[in-house]
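The values are calculated or read from the model by the stated rules, or taken from the named source; none is laboratory data. From a predicted model like this one, the values you see are computed outputs, not experimental measurements. We place every Cβ from the backbone using ideal geometry, glycine too, and count neighbours over all the protein chains shown.
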Amino acid sequence: MPVVYPVIERIAQELYTRLSVLAEDTSTAETKVSEVIRPKRFEDYTPKHLQIVMKLGASAIVPELMCPGNPPAIAREQTINLHLHVMPSELDANPLDELEQQFIADVIDAVTTTQNDWHTFGGLAIDAEWRDQEDIAGDGGPDGITLPIAITYRTDEGNPYNVRA
């Protein structure tokens, strides 16, 4: 019997699939991503140049998008943080801002160009929007950018596996 995942996990898997295209040899993006990872509990990964680390962030109920019914539908906004590590060699002559902005543009392009209704993640979500970027600072200075995406979705109140329109 196949494993059934909650709606938010299916959305996260779709986002991961879209980002993974950037790590394939056949990618036509300017940024050649080294890897896309979703950390495991005991996995110890080392940030490296052009790596994407995907982590679920804050989740909040969206009262104005709740729907009455039997069962009622609950709406949530889930933030997924994409940590885009940019750590070029000290010999790289390209400005760091240029590398970061190219990386951000390629990530947004990979997530949004799969279809005109990219923000629904295959009918699993109501909407998605990019949020304010934040710098990632490490021991030796800047290590990249965190690019949050907030995804709004609806499920049955007592069944997070069932998508509600």
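For segment 31-41, does any single residue satisfy the condition of being charged (D, E, K, R) and under 13 Å from the mean Cα position of the chain (by Cα)? Checked against the condition, which is being charged (D, E, K, R) and under 13 Å from the mean Cα position of the chain (by Cα), segment 31-41 yields at least one hit. The residues of segment 1-47 that are hydroxyl-bearing (Ser, Thr, Tyr), part of a loop (DSSP other than H, G, I, E, B) and either touching a strand residue (DSSP E or B) at 6+ places or on another chain (Cβ under 8 Å) or within 19 Å of Trp118 (Cβ to Cβ) (or both), listed by number, are Tyr5, Ser27, Thr28, Thr31, Ser34, Tyr45. When Asn70 is tested against the conditions (1) part of a loop (DSSP other than H, G, I, E, B); (2) surrounded by 15 or more Cβ atoms within 10 Å (Cβ to Cβ), the lone failure is (2). Phe103 meets each of the listed conditions (1) in a loop (DSSP other than H, G, I, E, B); (2) touching a residue at least 40 places away in the same chain (Cβ under 8 Å); (3) under 16 Å from Arg18 (Cβ atoms); (4) not β-branched (Val, Ile, Thr) apart from (1). Cβ-Cβ contacts under 7 Å between residues 6 or more apart (or on different chains), taken from a first residue in segment 12-24 that is of a type in the set (Ser, Thr, Tyr) to a second residue that is surrounded by fewer than 20 Cβ atoms within 10 Å (Cβ to Cβ), are listed as Tyr16/Arg38; Tyr16/Met54. When you look at Pro160, is it surrounded by 15 or more Cβ atoms within 10 Å (Cβ to Cβ), at pLDDT 90 or above and touching a Gly at 6+ places or on another chain (Cβ under 8 Å), yes or no? So Pro160 does not fit the description; no.
In summary, Ile80 fulfils each of the numbered conditions (1) in contact (Cβ under 8 Å) with a residue 24 or more places away in the chain; (2) β-branched (Val, Ile, Thr); (3) more than 19 Å from Gln13 (Cα to Cα) with the single exception of condition (3).
Here is a yes/no grid of residues against (1) under 24 Å from His49 (Cβ atoms); (2) surrounded by 15 or more Cβ atoms within 10 Å (Cβ to Cβ); (3) hydrophobic (A, V, I, L, M, F, W, C):
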position	(1), (2), (3)
Leu82	yes, yes, yes
Leu91	yes, no, yes
Glu98	yes, no, no
Gln102	yes, yes, no
Trp118	no, yes, yes
Gly123	no, no, no
Ile126	no, yes, yes
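Of the residues in segment 114-165, how many are assigned to a strand (DSSP E or B) and of a type in the set (A, V, I, L, M)? Of the residues in segment 114-165, 9 are assigned to a strand (DSSP E or B) and of a type in the set (A, V, I, L, M). Of the listed requirements (1) touching a residue at least 12 places away in the same chain (Cβ under 8 Å); (2) under 24 Å from Tyr16 (Cβ atoms); (3) more than 14 Å from the chain's Cα centre (by Cα), Ala125 misses just one: (3).
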